[in-house]
1. Out of the residues in region 370-393 that are of a type in the set (A, V, I, L, M, F, W, C) and part of a loop (DSSP other than H, G, I, E, B), state the one that is nearest to Thr246 (Cα to Cα).
2. Report yes if some residue within region 337-351 is open to solvent by 20 Å² or more (accessible area, probe 1.4 Å), at pLDDT below 80, of a type outside the set (Asp, Glu) and over 20 Å from Gly169 (Cβ atoms); otherwise report no.
3. What are the pairs, 6+ residues apart or on separate chains, where a residue within region 132-158 that is modelled with pLDDT under 95 has its Cβ under 7 Å from a residue that is of a type in the set (S, T, N, Q) and crowded, with 17+ Cβ neighbours inside 10 Å?
4. Hey, among the residues in region 22-40 that are in contact with a strand residue (DSSP E or B) (Cβ under 7 Å, 6 or more places away or on another chain) and outside any loop (DSSP other than H, G, I, E, B), which one's nearest to Ile396 (Cα to Cα)?
5. How many residues, within region 361-376, are among the small types (Gly, Ala, Ser) and surrounded by fewer than 24 Cβ atoms within 10 Å (Cβ to Cβ)?
6. Among the residues that make up region 73-95, is at least one of them more than 23 Å from Leu202 (Cα to Cα) and basic (Lys, Arg)?
7. Within region 409-426, is there a residue that is modelled with pLDDT of 95 or more and within 30 Å of Met333 (Cα to Cα)?
8. Sort out for me the helices (runs of 4 or more DSSP H) sitting completely within region 41-157 that have 2 or more residues that are open to solvent by 70 Å² or more (accessible area, probe 1.4 Å), within 23 Å of Val361 (Cβ to Cβ) and not charged (D, E, K, R).
Amino acid sequence: MDDLTPQNPAEAIVYKSLAWTWPFYAIGGLYVVGPVLGWTLGGLALAALYLGPATRADLRPHPIPPVIWFWVIGMLAMLPILWIGHVNWGFGTKTVIRSTIGWAKGWALMALFPLAGAILPIRREILIRGQCVVGLWILILAPLMIVAPYAGLPGKIFVSPLKAVGGPGPEYFTVFLYSIDPSSGAARWQFYAPWSPFAALLGVLMVLFAMEEKVVKWKAIGIAAGTLMVLASKSRMGLVGLVFCTIPPSLLPQLGKRWAWFALSGILVSIGLTVDRLIQGVGSAIDTFKNARADSTRVRATLQRIAEEHWREEAVWFGHGRVAPGPHLVEYMPIGSHHTWYGLLFVKGLTGLLALLIPLVFQIFLAFADALTSTRGRLPLGFALVVILLSFGENIEIQAYLLWPGLMIWGIHAREVAEKPFLPGLVPGNAPA
């Protein structure tokens, strides 16, 4: 099991793409690799579907599960919604073309990777091991990165010329050893992510993958590397995610056991007796959490309020087409950024929000229901929780180029459930083995 070898070209592409994550980062190329990989795997999946039985034996396609249709329809809908928003606000042809390319590098990947995972015969073990290999790179490079700020080494190494392909900002093409938090002056590490908070949730994702690894050596490497990413990033959201995204999915199967219900009853009774003190404690913890980076919390809250007001008053159904420059009050951060849901309302309106919400709810339900009875639901549910957390602090479509292993796990899980449903009769024509 330690020597896990790809069994077909699709698995080889996936494994090598993960194993080469750090070399790709070293040339500032991850933002280019993600979309290329997504469209390559998506094209391979569609080609396999088209050829059907004529496809080579080790690439025979699986049927498209229902939840994947929701992703495909929802993410395809994002494109005409984007065009309507641009037309409504009088953007020119050049802006429309640029935004369409942005869709191909963002929202489209949210469907292409699950589609590839569902159709192509890619084992989840390949993705799990690949993530642990990324973790090995982290542990090897960590001493240099941790020592760098104290040794006087520069935080920013260089900005890759690949930025010429276009993207959300130069940080997506910049190679960092570390960065300095402007509010505290302390060093923070973002590893291969564009900034530290996102790196923290990538660390949580690595821990989730490593927890599924069968080989103890690789499991330890993945968990250690993921935990290091969370701690070194110094992100509040990462610390929450390390608990919130890993423990609940593992505990869900215990809900069917009698002792769990007795324990839950005891906990509820205890909470009832101390509810007033508990409410005060939770309120105090929330205030402490917010005050840890008060300026960041204030800016984000103001951005959300401005986005919501402009959406409600100016563009309810199709939004403003694109983010808009923010005022000095929010340190000139773009309106519609730093929050997936407020960003969708501002940029794409209610139709855009529903285009993401509907497939996401379906995916979460599938993972949650399966996690109640099977260990195979833990990883997709854990990733869903990461996406939920991330959506409240980032625009997830922009980060899809690094979230792709989790997106593929969603597709693989959907295929597994279609082949062996967790409830009899859930999928017509299939019965649990």
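1. The selected residue is Leu372.
2. Checked against the condition, which is being open to solvent by 20 Å² or more (accessible area, probe 1.4 Å), at pLDDT below 80, of a type outside the set (Asp, Glu) and over 20 Å from Gly169 (Cβ atoms), region 337-351 yields no hits at all.
3. Taking only residues 6 or more apart or on different chains, the pairs are Gly155/Ser179; Lys156/Thr174.
4. Only one residue tops the list, namely Tyr25.
5. Total meeting the criteria: 2.
6. Scanning region 73-95, I find at least one residue that is more than 23 Å from Leu202 (Cα to Cα) and basic (Lys, Arg), so the answer is yes.
7. Scanning region 409-426 turns up no residue that is modelled with pLDDT of 95 or more and within 30 Å of Met333 (Cα to Cα).
8. Answer list for region 41-157: 66-88.
The values are calculated or read from the model by the stated rules, or taken from the named source; none is laboratory data. Just so it is clear, the model here is predicted, and its values are computed rather than measured. Quick reminder, even Gly has a Cβ in these numbers, built from the backbone with ideal geometry, and neighbours come from all protein chains shown. Remember, those area values only see protein heavy atoms, side chains included, never the ligands or the DNA or RNA. Shrake-Rupley method; radii C 1.70, N 1.55, O 1.52, S 1.80 Å.
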